[in-house]
Amino acid sequence: MRVFLTGATGFIGSRVLRELLAAGHEVIGLTRSESGAKELAGAGASVHLGTLEDPESLAKGAENAEAVIHTAFDHEFSNFAANCEKDRRVIAAPGSVLRGSDRPLLITSGVGMGDPGNGKPAREDVFDAHHFNPRIASELAGREQLAAGVNLGVVRLPQVHDTVKQGLISPYIEMAREKGVVAYVDRGANRWAAGHVDDVAKLYVLALGRAEPGARYHAVAEEGVAARDIAETVATGLGLPAVSLSEEEAKAHFDWFAMFAAADLTASSSLTRQKLGWQPVGPSLLQDLKDMDYSDQAGLKSGGSGRRSRFRRVLRANELARQPREFIDLGKLQDDQGLKEANCSCSIG
């Protein structure tokens, strides 16, 4: 099958690319840069130049494809709500091309959209159309395309990890470096669902093969990993103390991250495993955190120094703002130090 893949050079998309090629598919990879084009060509994919800001370029990429997998997303937290709305437009672009055919379109969302609201893990057969998370825009866009005749399915992500990146835990680690402690809220009993990036990539390929209209899949290997266990593992790696904070203390300590630090983001993948026969085999989240190289030199090798520098500017901006809020709008702050470039590769549940 000839597959148009967005995010083809990204953390998850590059692994999906590898799995697609291994399964015998032909891949057209989206990239905006010459370096990305060289990377894709070297991996064995065809290259399509385009950007998320230009939906028409995405529609053109889908024209010659037999399927589309959309993994790209702009994770700049300063414009998170706007980027979620942008994703709505991005999804509509290939949808306009695929409408009325059986060519599948797989989009990406977060497991939180399946929260049943009763304290139990999120499920694939639940869709909370009124979810507070702005990322709901992606699934609302998917529902619109499905109703318009697009063979659309959704892959929902937990905290996707390896020994370099771990979803929301990556900015959490950088915050711990800045603060000098690794904090968790209360007893740290809240849990986050997780999945290794290689297992997640395999799931996309399995879902593509099934091509079931309206299907939702959870790329969840672990239903929930306790926040305290995460904190203590990170603390060992950084050589810092792990400390418990009250909810009020956590608001001041974590700032914009406080709502995530205290959130219970558990999710089940029972229906996904039944439908696809998906059996994750990758390392656990805690194992990847244990195996991670926390040294500054490791950050330089992985490009983490740039992300760390941007993250420090975010922290300084938040301190300057000095106003209570659940979401930080860095776009309203002065951009004299490049604050709008702050970026983090995270899976928002």
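The values are calculated or read from the model by the stated rules, or taken from the named source; none is laboratory data. None of these values were measured; they are calculated from a predicted model. Positions of Cβ are backbone-derived with ideal geometry, glycine not excepted, and every protein chain shown enters the neighbour counts.
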Residue under question is Leu146, and the condition is that it be outside any helix (DSSP H, G or I) and closer than 23 Å to Ala207 by Cα; does it hold? no
When Tyr184 is evaluated against the numbered criteria (1) over 26 Å from Leu105 (Cβ atoms); (2) touching a Pro at 6+ places or on another chain (Cβ under 7 Å), which criterion, by number, is the only one it fails? (2)
Any residue in region 214-242 that is within 19 Å of Val160 (Cβ to Cβ) sitting within a Cβ distance under 7 Å of a residue that is part of a helix (DSSP H, G or I) and of a type in the set (Lys, Arg)? List the pairs, counting only those 6 or more apart or interchain. Thr233/Lys290
Out of everything in region 199-227 that is part of a loop (DSSP other than H, G, I, E, B) and under 23 Å from Pro121 (Cβ atoms), what residue ends up being farthest from the chain's Cα centre (by Cα)? Glu212
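Mind checking whether some residue in region 70-82 is more than 30 Å from Pro171 (Cα to Cα) and not hydroxyl-bearing (Ser, Thr, Tyr)? Spell out the reasoning first.
If we filter region 70-82 for residues that are more than 30 Å from Pro171 (Cα to Cα), which is where we start, we get none.
Looking for residues that are more than 30 Å from Pro171 (Cα to Cα) and not hydroxyl-bearing (Ser, Thr, Tyr), one finds none in region 70-82, hence no.
Which ones in region 239-276 are outside any loop (DSSP other than H, G, I, E, B), of a type in the set (A, V, I, L, M) and within 24 Å of the chain's Cα centre (by Cα)? Talk me through it step by step, then tell me what you get.
Within region 239-276, the first condition is being outside any loop (DSSP other than H, G, I, E, B), and the residues that meet it are 242-245, 247-261, 265, 267, 270-276.
Keeping just the survivors that are of a type in the set (A, V, I, L, M) gives 242-243, 245, 250, 252, 258-259, 261, 265, 267, 271, 276.
If the condition is that a residue be outside any loop (DSSP other than H, G, I, E, B), of a type in the set (A, V, I, L, M) and within 24 Å of the chain's Cα centre (by Cα), then Ala250, Ala258, Met259, Ala261, Leu265, Ala267, Leu271, Leu276 are the ones that fit.
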All-but-one check, Gly180 against (1) at pLDDT below 95; (2) more than 30 Å from Ala93 (Cα to Cα), failing number (1)
Among (1) assigned to a strand (DSSP E or B); (2) within 28 Å of Arg103 (Cβ to Cβ); (3) touching a Pro at 6+ places or on another chain (Cβ under 8 Å), the one test that Ala194 misses: (2)
Name every residue in region 81-122 that is within 22 Å of His218 (Cβ to Cβ) and either surrounded by fewer than 20 Cβ atoms within 10 Å (Cβ to Cβ) or among the acidic types (Asp, Glu) (or both), in order of residue number. Asp87, Arg88, Asp115, Pro116, Gly117, Asn118, Gly119, Lys120
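Here is a check on your reading of the model: is Asp87 among the acidic types (Asp, Glu) and not in a helix (DSSP H, G or I)? Don't jump to the end; show me each part of the working.
On the way: among the acidic types (Asp, Glu): yes; not in a helix (DSSP H, G or I): no.
Against the criterion (among the acidic types (Asp, Glu) and not in a helix (DSSP H, G or I)), Asp87 does not qualify.
With the requirement that a residue be under 12 Å from Val205 (Cβ atoms) and not in a helix (DSSP H, G or I), what does region 13-58 give you?
Ala23, Gly24, His25, Val27
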Which pairs turn up if I take residues in region 48-71 that are in the same structural domain as Ala93 (by TED's automatic domain parsing) and look for partners that are in a helix (DSSP H, G or I) and of a type in the set (Phe, Trp, Tyr) with beta carbon separation below 8 Å, at least 6 apart in sequence or on another chain? Ile69/Tyr204; Thr71/Tyr204
One residue is enough: does region 191-199 have a residue meeting the conditions surrounded by fewer than 20 Cβ atoms within 10 Å (Cβ to Cβ), in contact with a helix residue (DSSP H, G or I) (Cβ under 7 Å, 6 or more places away or on another chain) and under 20 Å from Asp288 (Cα atoms)? yes
Given (1) surrounded by fewer than 20 Cβ atoms within 10 Å (Cβ to Cβ); (2) part of a helix (DSSP H, G or I); (3) outside the structural domain of Arg143 (by TED's automatic domain parsing); (4) in contact with a helix residue (DSSP H, G or I) (Cβ under 7 Å, 6 or more places away or on another chain), number of the condition Ile230 does not satisfy: (1)
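In a loop (DSSP other than H, G, I, E, B), touching a residue at least 12 places away in the same chain (Cβ under 8 Å) and touching a Leu at 6+ places or on another chain (Cβ under 9 Å) - does that describe any residue in region 93-113? First the steps, then the outcome.
Taking region 93-113 first, the residues in a loop (DSSP other than H, G, I, E, B) are 99-103.
If we keep only those that are touching a residue at least 12 places away in the same chain (Cβ under 8 Å) too, we end up with 99-103.
This time we only want the ones that are touching a Leu at 6+ places or on another chain (Cβ under 9 Å), so: none.
Within region 93-113 (the criterion being in a loop (DSSP other than H, G, I, E, B), touching a residue at least 12 places away in the same chain (Cβ under 8 Å) and touching a Leu at 6+ places or on another chain (Cβ under 9 Å)), the answer is no, since none of the residues qualifies.
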Which pairs do you get when a residue that is more than 15 Å from Ile107 (Cα to Cα), found in region 1-16, comes within reach of a residue that is at pLDDT below 95 and of a type in the set (Ser, Thr, Tyr), reach meaning Cβ atoms under 7 angstrom, with the pair 6+ apart or on two chains? Phe11/Ser345
Name, by its number, the condition in (1) touching a Ser or Thr at 6+ places or on another chain (Cβ under 8 Å); (2) assigned to a helix (DSSP H, G or I); (3) not hydroxyl-bearing (Ser, Thr, Tyr) that does not hold for Ala137. (1)
Yes or no: Ala72 buried (at least 19 other Cβ atoms within 10 Å of the Cβ) and in contact with a Gly (Cβ under 9 Å, 6 or more places away or on another chain)? yes
Within region 26-46, count every residue that is touching a helix residue (DSSP H, G or I) at 6+ places or on another chain (Cβ under 8 Å) and within 18 Å of Ala93 (Cβ to Cβ). 4
Which numbered condition in (1) part of a loop (DSSP other than H, G, I, E, B); (2) over 26 Å from Asp288 (Cβ atoms); (3) at pLDDT 95 or above is the only one that Glu124 fails? (2)
State all residues of region 248-275 that are crowded, with 19+ Cβ neighbours inside 10 Å and under 12 Å from Arg123 (Cβ atoms); if no residue qualifies, say none. Thr266, Ala267, Ser268, Ser269, Thr272
